Amino acid sequence: MLIASFIVMGVLYFKLKKLSVDSLIVTENTEQTQPTESEPIKPIEPEIATGTDAFGSFISNKNGAKDYTQNFKTSGLDVEWFGGAITVSEKDSDNLLSKIFPDYIKIKDVVDKINNSAECKNDTVNGQSRCWMQDPNIYLYAVGKIKNIDNATLYYIFVPRLYEDSMGDNTLVLLGFIDAKTKTLIAVINPNQAQESKSAISGGIYGINGARTEYLKEREYIEKLSSNTTNFSVFSGYVAYEFEELNNPPSVLDVPETSSKIISVGQDDYIYFYLDDYGNAGITNPYKQEVETGRFSQLPIAFQTPEGLSVYKDEQCYFIIKPNGTVIRYNLVPSFISWETEATKEYYGDFFETSITWNDGSKNSDTYTLAGDHTSRGCGGPALTACTNVVNKKTWFDANKLVRTGTGKNGEKIFEIKNAADNEFYNDTFYKVFLPDPETQFFADFLKDHPIIFWQDHLGNWRTFKKTKYQPQAECGKPVIYLYPEKDTDVKVEVKPNGGFTKTEPMYDNGWFVHATPQSELFNYTDKTSYPYLFWEGKAYNFITPNYGFVMSKKDVSTKMTQILTKLGLNEKETIDFLEFWQPKLEVKPYVFVTFLPQREFDKLAPLTVNPKPDTIIRVFMDYTPLDAPVKVAPMQIRTPERVGFTVVEWGGKLN
């Protein structure tokens with residue numbers, strides 16, 4: 001785990017601009033403008049219509065996709081889940097898809113010829129090809145059958161957007177099935193993400209209609225592909241339906257016949273391949289046909305929940321497998337640890353209050369976190385590897401060298417290692433992970449501070465926990481918060497970075513209390529001063545850099561970052577403010593890797609509370625690594641938020 005030091009500019013907006021989700025373009029007025037070379041090519045939108053075909057009645061949206069949802073209002077979709085994803089080979093996928101999408105094989109062949117042509121290979125800018133297109137294969141994974149639609153196989157479908165646009169959102173992940181009557185592919189979309197999914201289905205599924213091009217030459221390659229086929233729409237329509245059985249199980253579960261609980265570790269290792277809250281169906285890499293579910297379903301069952309869910313266990317962790325094969329990981333925590341706080345009950349890795357009385361009679365006042373193996377995660381530095389706090393088999397651990405030093409609130413015995421100064425784990429934790437200030441922080445003081453404790457669970461496993469203050473910190477840079485109420489409003493704002501503040505403006509006194517206008521003109525009642533936004537800097541524990549994102553050349557930073565920030569939800573002023581601070585830092589080397597922390601993860605690092613409650617909260621948090629040469633990274637999916645009602649916007653990043 002680590003503590004991240006970050007600059008977060010958080011701006012709370014009250015409905016200043018509205019985003020068009022269908023086009024993913026910021027709209028500020030109704031004036032018609034001519035598209036520039038870097039703007040998406042927008043198709044003409046047809047009228048809304050109704051009708052009936054062999055599959056059922058439908059309503060076609062303005063882009064032409066058929067909405068079949070009304071046929072299943074009463075019956076829903078009755079799916080028999082397979083319990084894990086089953087790989088469909090490329091040969092079988094080709095056979096299936098070519099029957100319902102006749103141009104599929106032709107598109108694959110044309111893309112392959114373009115990518116391997118001498119013209120394409122020689123057409124480079126700064127060593128990077130301008131014409132290279134994505135892997136054109138559509139990947140299918142069978143996850144169940146729909147019993148009330150002729151037992152149609154339900155697939156996880158990974159569809160590439162052929163032309164890699166500058167947003168990096170280059171693979172669409174959807175559920176779908178082939179209807180035998182119409183011989184078409186129909187998507188099943190989550191109603192909670194319906195608008196963005198419908199837009200993706202309708203907007204040229206291979207990314208041709210929505211491709212962003214910075215060079216006229218790139219348009220030539222698109223036109224070359226388009227001249228061979230005019231049909232890029234894989235899906236003919238959709239059904240909007242929520243599979244409640246795929247919602248996440250409880251994040252905290254009681255362990256029968258013990259006072260312990262298990263808490264959710266989280267699901268972010270393969271976030272790029274996740275389908276909303278349904279998870280990844282156990283698919284860890286769709287392009288390499290890697291599925292993880294099987295090895296977990298072979299584990300012994302530790303217990304069953306009152307709801308009938310089977311909880312599996314290995315030497316380190318507990319697991320629940322969703323009906324579609326998504327694996328949810330859990331870690332065991334003892335009763336002397338408090339997991340009920342809002343900051344920790346949803347997520348793994350945050351700090352925990354602990355009820356311990358030390359042998360000298362003093363009460364513990366510090367927080368602890370799960371300890372275990374350390375690893376390096378990108379520019380974020382060392383982090384905890386999930387499910388590694390059982391230490392029985394660690395080379396540095398010897399139960400015979402433990403000495404009891406405290407007692408938990410329910411009589412649990414707390415141990416530490418004697419003669420810890422010679423222990424490898426203690427030394428690594430202090431010198432390689434914590435990275436102390438050599439003038440003020442000393443190893444001897446660290447050893448006296450109960451930095452690492454051990455507890456034996458009901459199965460005889462030794463588990464370790466570490467004081468949170470000995471996690472490395474990543475610094476959060478210039479977070480600012482804009483507030484945009486729909487009318488002049490008094491607003492209370494609280495933000496709580498889990499490593500504390502290093503600077504705030506205006507002064508933070510258990511929060512900020514301001515009078516806000518719809519233009520984010522903020523009058524602070526404490527110092528009677530007006531501000532354009534609320535500013536803070538601080539530290540954060542347990543920061544992990546995502547391994548997906550964008551790689552861009554120095555000269556492209558301004559253009560591409562503007563496009564990315566727009567898609568993330570920032571308006572023009574916020575984007576200008578962001579780049580004024582961050583652009584020089586992104587241009588220190590010829591290339592830069594840029595990524596953004598998922599908002600739910602940033603909410604872990606620095607929980608934000610606003611009263612009255614906003615209708616929309618947009619939090620943008622960046623991490624980056626300067627590069628001497630370009631590298632290949634997995635692209636990042638971005639869902640552009642819609643600004644509705646009282647809107648709060650915050651942006652910032654991790655200082656390197």
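The values are calculated or read from the model by the stated rules, or taken from the named source; none is laboratory data. If you're wondering where the values come from, they're calculated on a predicted model, not measured in any experiment. Here the Cβ is made from the backbone with ideal geometry for all residues, glycine too, and neighbour counts use every protein chain on show.
Each residue in the stretch 606-635 was checked for being buried (at least 22 other Cβ atoms within 10 Å of the Cβ) and more than 22 Å from residue 538 (Cα to Cα), and 1 pass.
Summed over the stretch 583-631, residues that are under 15 Å from residue 648 (Cα atoms) and touching an Asp or Glu at 6+ places or on another chain (Cβ under 6 Å) total 2.
Among the residues here, residue 636 qualifies as of a type in the set (A, V, I, L, M, F, W, C), assigned by TED's automatic domain parsing to the domain that holds residue 533 and part of a loop (DSSP other than H, G, I, E, B).
The set of residues from the stretch 563-589 being free of Cβ contacts under 8 Å to residues at least 40 places away in the same chain and either surrounded by fewer than 19 Cβ atoms within 10 Å (Cβ to Cβ) or not assigned by TED's automatic domain parsing to the domain that holds residue 641 (or both) comprises 573, 576, 579, 580, 583, 584, 587, 588, 589. Is it true that some residue in the stretch 224-239 is at pLDDT below 65 and among the β-branched types (Val, Ile, Thr)? Checked the stretch 224-239: at least one residue is at pLDDT below 65 and among the β-branched types (Val, Ile, Thr). Filtered by the rule that a residue be exposed (fewer than 14 other Cβ atoms within 10 Å of the Cβ), touching a Ser or Thr at 6+ places or on another chain (Cβ under 7 Å) and closer than 13 Å to residue 456 by Cβ, the stretch 391-418 gives a lone residue, 413. Look at (1) farther than 28 Å from residue 594 by Cα; (2) in contact (Cβ under 8 Å) with a residue 40 or more places away in the chain; (3) surrounded by fewer than 18 Cβ atoms within 10 Å (Cβ to Cβ) and you find that residue 518 fails only one, number (3). Name every residue in the stretch 583-636 that is more than 17 Å from residue 494 (Cα to Cα) and among the hydroxyl-bearing types (Ser, Thr, Tyr), in order of residue number. 591, 595, 624, 625 - these are the residues of the stretch 583-636 that are more than 17 Å from residue 494 (Cα to Cα) and among the hydroxyl-bearing types (Ser, Thr, Tyr). Does the stretch 386-402 contain at least one residue that is assigned to a strand (DSSP E or B) and modelled with pLDDT under 90? The answer is no, given that none of the residues of the stretch 386-402 is assigned to a strand (DSSP E or B) and modelled with pLDDT under 90. Within the stretch 534-545, does at least one residue satisfy the condition of being within 18 Å of residue 651 (Cβ to Cβ), assigned to a loop (DSSP other than H, G, I, E, B) and within 24 Å of the chain's Cα centre (by Cα)? So far as the stretch 534-545 goes, yes, one or more of its residues are within 18 Å of residue 651 (Cβ to Cβ), assigned to a loop (DSSP other than H, G, I, E, B) and within 24 Å of the chain's Cα centre (by Cα).
Results for (1) at pLDDT below 90; (2) outside any helix (DSSP H, G or I); (3) buried (at least 18 other Cβ atoms within 10 Å of the Cβ); (4) out of contact with any Gly (no Cβ under 7 Å at 6 or more places or on another chain), shown as yes or no for each residue.
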residue: 113; (1), (2), (3), (4): yes, no, no, yes
residue: 157; (1), (2), (3), (4): no, yes, yes, no
residue: 188; (1), (2), (3), (4): no, yes, yes, no
residue: 194; (1), (2), (3), (4): yes, no, no, yes
residue: 205; (1), (2), (3), (4): yes, yes, yes, yes
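You will find that of 47, 39, the residue that is of a type in the set (Asp, Glu), farther than 24 Å from residue 244 by Cα, at pLDDT 50 or above and surrounded by fewer than 17 Cβ atoms within 10 Å (Cβ to Cβ) is 47 and no other.
Just one of the listed residues (105, 146, 138) is at pLDDT 80 or above and farther than 25 Å from residue 288 by Cα, and it is 146. In the stretch 270-290, the count of residues that are of a type in the set (Asp, Glu), at pLDDT below 65 and not assigned by TED's automatic domain parsing to the domain that holds residue 82 is one or more.
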